[in-house]
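The values are calculated or read from the model by the stated rules, or taken from the named source; none is laboratory data. Keep in mind that this is a model prediction, so the values were computed, not measured. All Cβ positions, glycine included, derive from the backbone under ideal geometry; neighbour counts span all protein chains shown. To get the accessible areas, we keep the full protein, side chains included, count just its heavy atoms, and leave off ligands, DNA and RNA. Shrake-Rupley method; radii C 1.70, N 1.55, O 1.52, S 1.80 Å.
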Amino acid sequence: MLRNISLAFICLSWAIGQTQAQTNDWQKMQTVEDVCKAYPERMKKLLQAFDLNRPGLEEVQTALNKNDITTACNQLLQYYRHAETAGFLRKSLPAPTNKVVPLADSIHEGIFTFYNQTDQVPTLEDGHMDWHYNGPADDIEWAWALNRHYHLLTLLNAYLDTGNGRYSHTINRHIVDWVSASLPYPGVKSSTAMWRGLEVSFRVKRWADAFYGLIASEDFSPAARLLLLSSIPEHAHYLRNFHAQGNWLTMEMSALAIGAIAWPEFRDASSWLEYSKTAMTESLKEQVYPDGVQTELTAHYHRVALSNFDLFLKTLQQAGESLPSIYPERIEQMWNYLAYSLRPEGTNPLNNDSDLNNYQSAIIAISRDLDRPDWQYIATNGEEGKMPEAKAAFFPYAGQVVMRSGWDHNAHWSFFDIGPWGSGHQHNDKLHLSVSAFGHDYLVDSGRFAYRGEVADKFRDYARSSAAHNVLHIDGKGQAPGPREADQPLDASHFKSTGELDYAWGDFDRFEDLDGTARHTRSVTYVNGKFWIVVDHIQTDRPRQVEAFWHWHPDHTISLLSRGITGTQASNNNMYIIPIGHQKWDVELIKGQEIPQPQAWYSREYNVAVPNPTAVYKGDIPGDAYLVWVLYPSKGTLPKLKTKIIHQDGEGVKVRIRSPEGKWEVRIPRANSEEALVQYDPN
C-alpha cells in the first residue's frame with residue numbers, strides 16, 4: 001500500500017507544473033533560461049531526481065541548495081558534456097557539409113514512410129506536429145510508428161555521415177516538440193499514440209542515441225537536452241510499472257536497462273537496472289523454448305525478441321554488468337534457430353504474422369562473434385565457414401522441421417509446421433508446408449497482410465485462416481486454435497533424417513464447428529535432392545468432403561495438366577503437384593478472389609497484398625482415407641513419370657515413382673519415423 005501511494009505521489013509531483021508552458025511559444029525555447037522559465041517546477045523535479053552525491057555533480061547540488069534552478073541546470077549540462085557516462089554512445093562530430101540524404105530530407109520536411117505508406121504529418125495550430133496522426137489509411141499503427149522515434153536515428157546517422165546541420169536541427173526540434181506536446185505525463189497504462197509501452201521503449205533507445213550522439217553539438221540546444229532528461233524518469237516509471245509480458249517485455253525491459261546505463265546519475269537508475277535484469281532473465285526462460293525458438297512461433301517476432309534480448313546482453317556487457325549463464329546460452333540457441341531455418345535466399349520462413357526479411361548479414365556477423373562457422377556457411381550459401389553436419393533441422397518444442405538439399409542459393413528447401421498454435425500472432429495453419437527450389441519460392445504461406453486499416457479490413461481474417469495456408473478443410477471447415485504452447489518436446493517418432501531422406505509427421509483434430517470427429521495426420525518425406533511426398537491421412541466417423549489448398553508464389557503462372565497435376569510451365573526451373581492414387585479430385589485454379597470471401601492473395605510484407613495462383617482440390621471420401629501428393633521440382637518441363645501407391649494400411653503407405661533416371665520406392669509411415677525408408681534403383 002505504501003509503495004502504491006509513493007508511486008502515485010511521484011506521478012502527481014511530476015505532473016505539477018507540466019502545463020505551465022502551454023501558452024508559451026515552445027518553438028522559441030533554446031536556452032536553459034527559456035526552459036527554466038517555462039517549466040520551473042519540472043526542472044526542479046528533474047534535479048531532485050538525480051543522485052547529486054555522485055562525483056562531478058557537486059556544483060549542481062550547491063546551486064540546487066540555493067534554489068538556483070537555472071545555474072543547477074547549466075551545471076548539469078556541463079557535467080554531461082564532459083563526463084565519461086555512456087562512452088559507447090558518444091560520437092565525434094563530423095566536418096560541416098551541405099551533402100544531403102534523401103530519406104533524412106523527407107523527415108526534415110515532415111514526410112514519413114511507415115508500413116509502405118508515405119504521408120506528411122500535419123502541423124497543428126500551436127505549431128506542434130500532430131503526434132496522433134494515423135497516416136493515410138487512418139491506422140494507429142502508423143501513429144505508433146511515428147512516436148517510436150526511429151526517425152531520430154535516421155537523422156542522426158545522416159548528420160554523422162554528412163555534417164549537414166539540417167538533420168541535427170531537426171532532431172532538436174522534434175525532441176522539444178514531442179516532450180512539450182506530451183505533457184502532462186499521464187502516469188497510467190495506455191494505448192494512445194504517445195504513451196504505449198512499445199513506443200515508450202523505442203523512444204528511450206533512440207533518445208539515448210541522440211542525446212550522446214549530439215552531446216558535443218551546438219545544434220542540440222540546452223532546452224532540448226533538459227526536456228529530454230526531464231522525460232526519462234517518466235519513461236522509466238512507465239516501463240517499470242506498466243510493462244507487458246512476452247515479446248513486449250523484451251523491448252520494454254531492454255529500454256529500462258538502457259535508461260539506467262545511459263543515465264546512471266538518476267537516483268533510481270540502479271533499481272531500474274536490477275529490475276530489468278531479473279525480469280529479462282525470467283522472461284527469456286519463459287519465452288524461449290530449450291530448442292531456441294520464441295514461443296510465438298513466428299519467425300518475424302522471434303527476430304524481434306532476439307534483437308531485444310541480444311541488445312540487453314550487449315548493453316550490460318558494455319556497462320560491465322553480468323547476467324546468469326543461461327542468458328547468453330539461450331541467446332545462442334535463438335541465433336541457431338534463425339540460422340538453421342534460413343531460406344536459401346537468406347530470408348526467414350514466412351509463417352504466422354511474419355514478413356520476409358533478409359538476415360544473412362546479421363547471421364554472418366554473429367557467427368564471427370560467437371565462433372560459429374556453421375552459421376557462416378549457411379548464411380553465405382557455402383562460400384565461407386564450415387559445412388553443418390546435418391542438412392535437415394528439427395526443433396522439437398516449436399514443432400518446426402526444415403528439410404533441404406544443401407546450402408547453395410538454388411537448393412531445395414521446405415518448412416513443415418507440426419507444433420503448437422503459438423503464444424501470439426498465430427494463424428490456424430498447423431501442418432502447413434512451404435517449398436522453395438532453384439532460388440525461387442513455389443508453395444507459400446500467404447503472409448500477415450496488416451493489423452489495421454484498409455488492407456487489414458479486407459484480408460486480416462483471411463490471413464489467419466486455414467484457407468490462406470497449404471492445409472486441408474474438412475466439410476468446408478478450417479482449423480480452430482490449437483494448444484498455445486508445448487509442455488514437452490515432440491518425441492523421436494516425429495522426425496528422421498538420413499543421407500537419403502528426411503521424414504516428419506504431425507496431426508490435428510480441432511476443426512471449427514465440425515459435426516462429428518475427424519483427425520488429419522500429415523506425413524512429409526523428402527527424398528534428398530529429388531522430390532517431396534506428402535501423405536494426408538484422414539480418420540473420420542462419417543463420409544466427408546475434403547479441400548486441399550496449395551498456394552503458389554505470385555511470380556508463377558500455374559496450369560492444370562492431365563490427371564489433376566498442377567504446376568508451372570516455364571522453360572526451366574518448374575514445380576509440380578502430382579496427386580496419386582484413386583482419389584477423384586475436382587481442381588480449381590483461383591487467383592485474387594474477393595467474393596464471397598478472399599482467396600489466393602499473398603503478402604510478403606506488411607500492408608502489401610497481391611494476387612497469387614492457388615490450386616484448390618475438392619473430393620469426397622467415404623471414411624478413413626489416404627490422400628497422397630508428390631511435389632516434384634524439375635529443371636525443365638515435367639519428365640515422364642509413373643507414380644503408384646503399391647501398398648497401404650493403417651500404418652502408412654508405400655509409393656513407387658519411376659522417372660527416366662531410375663525408380664524409387666518410398667515407405668511413408670503414418671506416424672512412426674523408424675519405418676520411413678527409401679530404396680533407389682537406377683534405370
**OP:** Determine one quarter of the surface area of the Cα convex hull of region 165-295, which equals its mean projected area, and express it in nm² to one decimal.
**Re:** 8.8
Original post:
Under unit Cβ charges (Lys, Arg +1; Asp, Glu -1), what dipole magnitude, rounded to 20 debye, does the chain have relative to its Cα centre?
Top reply: 600
**OP:** Compute the whole-percent fraction of alpha carbon pairs in region 368-487 spaced more than 23 Å apart.
**Re:** 45
Original post:
How large is the dipole of region 577-652 about the Cα centre if only Lys and Arg carry +1 and Asp and Glu carry -1, each at its Cβ, rounded to the nearest 20 debye?
Top reply: 500
Subject >> Dipole-positive endmost among Ser571, Val587, Leu560 within region 548-679 (Cβ charges, Cα centre) >> reply: Ser571
Subject >> Net charge dipole size for region 107-229 [Lys, Arg +1 and Asp, Glu -1 on Cβ; Debye, nearest 20] >> reply: 500
Original post:
Around Lys618, with a cut-off of 15 angstrom between Cβ atoms, what is the net charge of the other residues, counting Lys and Arg +1 and Asp and Glu -1?
Top reply: -3
Subject >> Along each principal axis, Cα extent of region 117-187, largest first, Å >> reply: 34, 29, 25
**OP:** Can you check what the Kirkwood hydrodynamic radius comes to for region 535-673, Cα pairs only, in Å to one decimal?
**Re:** 16.7
Subject >> Quarter of the Cα convex hull surface for the chain, i.e. its orientation-mean projected area (nm²) >> reply: 33.0
Subject >> Coordinate range along principal axes, alpha carbons of region 155-234, Å, largest first >> reply: 40, 22, 17
Original post:
If the viscosity is 1.002 mPa s and the temperature 20 °C, what Stokes-Einstein diffusion coefficient in µm²/s follows for region 48-206 when Rh is the Kirkwood radius over Cα pairs?
Top reply: 120
Original post:
In nm, to one decimal, how far is the modelled label at Gln78 from the one at Leu153, with both set 7 Å along Cα→Cβ?
Top reply: 3.5
Subject >> Volume per residue that the Cα convex hull of region 450-602 spans, once the total is divided by residue count, Å³ >> reply: 170
Subject >> Surface/4 of the Cα convex hull for region 327-374, nm² >> reply: 3.7
Original post:
At q = 0.11 Å⁻¹, what is the log10 ratio I(q)/I(0) for region 291-427, with the Debye formula run over Cα points and no solvent?
Top reply: -0.38
Subject >> Solvent-accessible heavy-atom area per residue, rounded to whole Å², over region 359-440 at 1.4 Å >> reply: 34
**OP:** Determine Rg/Rh for region 472-521; Rg is computed over alpha-carbon atoms and Rh is the Kirkwood hydrodynamic estimate from the same atoms.
**Re:** 1.09
**OP:** Would you work out what percent of the accessible area of the chain, with all protein chains in place, is carbon or sulfur (probe 1.4 Å)?
**Re:** 48
**OP:** Treat each spin label as a single point 7 Å out from the Cα along the C-beta direction, and report the Ala319 to Ala365 distance in nm.
**Re:** 2.1
**OP:** Among the aspartates and glutamates, select those whose C-alpha is under 15 Å from the C-alpha of Lys37, and discard any that sit fewer than 8 residues away in the same chain.
**Re:** Asp25, Asp68
Subject >> Violating pairs (Cα-Cα greater than 25 angstrom) within the set Lys618/Lys644; Lys285/Lys314; Lys530/Lys640; Lys591/Lys644; Lys496/Lys654; Lys530/Lys642 >> reply: Lys591/Lys644
**OP:** Please name whichever of Ala319, Leu273, Gly292 sits farthest to the positive end of the charge dipole of region 263-343, dipole taken about the Cα centre and charges placed at Cβ: Lys and Arg +1, Asp and Glu -1.
**Re:** Gly292
**OP:** For Glu282 and Asp408, calculate 0.36 nm times their separation in residues minus their Cα-Cα distance, and state this gained length in nm to one decimal.
**Re:** 41.5 nm
